[in-house]
Amino acid sequence: MTDRKPARTDADLRQTLAEFSVPSEPGNERLAMETVAEAVRDLDIRGENLERLKTAVAEATMNAMEHGNKYRSEVPVEVQVEVVDRDLMVRITDSGSGPPPAQAGDVPDLEAKLEGMQTARGWGLFLIKSMVDEMSITGDDGHHTIELVVHLGAEGGK
Amino acid sequence: MAVRHLSVEVRLEPGVAVLDLMGEINGFAEEALNAAYAEAEAKETNTILLNFEGVDYINSTGIALIVGLLARARASHRRLLACNLSEHYVEIFNITRLSDFMSVFPDEESAVVEASVS
């Protein structure tokens, strides 16, 4: 008779690297960005791939502080960093109400912005989608969460 | 983490007004950036060069500020150039298509040469 090893479960493949929060104050997206960069330092994310992740985290945190928490400093943005199987997942949660922001992330029309027909802003979601392998936004009555996914390994990152 | 507020020095090179940018280009940078750009316009050159050598962070609000400068340059028929962007921000200038409207150079010397021959 041989011992059978139990099947691996999701819990076996899931590793939390960091959980933290930042006050919703202008500029704190850099704190979130650098904290995530420190949390993933032992992973195979280097150079340009790390810069892309940092930009995505910074932009998602800015969106959460501005649109979700209305820059109320007493309302924190929660950040969770996990490795699940071969994916790095960063979840950024605010306390926004109402439907989550659209995630279409259309390419901004630079010509229209230069001609003054559109606001010069509106780059955040587009940048986030361009910087990571997957992005999704979920929400309920009191929270929005943006989830960033980077596939680890030789093909990891965009 | 303290924000490195943007400071800008404006100087005149042959045919080019150069803005030496130092710090972060984010929402806090609007006043300094616009004031420096106005000072550069007063130099009455056809070309204005943004030197990003001292910049280590640009966020989406900063991108919007640069779009605003580019719109001002186009309206006054000036050329806006950029130099000394890091590899990462060159990529961002490419995907946002900013680099379709403002030439990006690896260093100031090549940008000034380009400005002087065209």
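We did not get these values from a lab; they are worked out from the coordinates using the rules stated. Bear in mind the structure is a predicted one, so any value in this text is a computation, not a measurement. As a convention, Cβ positions derive from the backbone with ideal geometry for all residues, glycine included, and neighbour counts pool all protein chains shown.
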In straight Cα distance, which aspartates and glutamates are under 18 Å from residue A:70, not counting same-chain residues fewer than 8 positions off? A:25, A:29, A:59, A:78, A:94, A:140, A:141
Please work out the FRET efficiency for the pair residue B:90 and residue A:34, using the Cβ-Cβ distance as r and a Förster radius of 35 Å; give the result to the nearest 0.05. 0.95
DSSP beta bridges in the protein assembly as shown, what fraction antiparallel, as a percent rounded to 5? 70 percent
Taking a cut-off of 22 Å, what percent of all Cα-Cα pairs in the protein assembly as shown are separated by more than that? 60 percent
Per residue, the convex hull volume that the Cα atoms of chain A enclose (Å³): 149 Å³
For chain B, list the DSSP H helices whose alpha carbon atoms reach 15 Å or more along the long axis and whose average Kyte-Doolittle value is -1.0 or above? B:30-41, B:60-75
Loop-only GluC sites (Glu not before Pro) in segment B:1-86, please: DSSP not H, G, I, E or B, and at most 15 other Cβ atoms within 10 Å. B:44
Would you please give the FRET efficiency between residue A:141 and residue A:82, computed as 1/(1 + (r/R0)^6) with r the Cβ-Cβ distance and R0 = 22 Å, to the nearest 0.05? 0.35
Taking B:89, B:57, A:71 and counting other C-beta atoms within 10 Å, the order from fewest to most: A:71, B:57, B:89
On the Cα set of segment B:1-58, report Rg and Dmax in Å, please. 11.5, 39
When the expected Rg is taken as 2.2 N^0.38 Å, what fraction or multiple of it is the alpha-carbon Rg of segment A:100-140? 1.33
Using every Cα-Cα pair within segment B:57-102, state what percent have a distance larger than 14 Å. 48 percent
Which net charge results when you count Lys and Arg as +1 and Asp and Glu as -1 among the other residues whose beta-carbon is under 9 Å from that of residue B:47? +1
R0 of 25 Å, Cβ-Cβ distance residue A:41-residue B:2: FRET efficiency to nearest 0.05: 0.70
For chain B, would you read off the P(r) tail past 21 Å as a percentage of all alpha carbon pairs? 29 percent
Ranked packing of A:46-56, A:111-121, most packed first, by mean Cβ within 10 Å: A:46-56, A:111-121
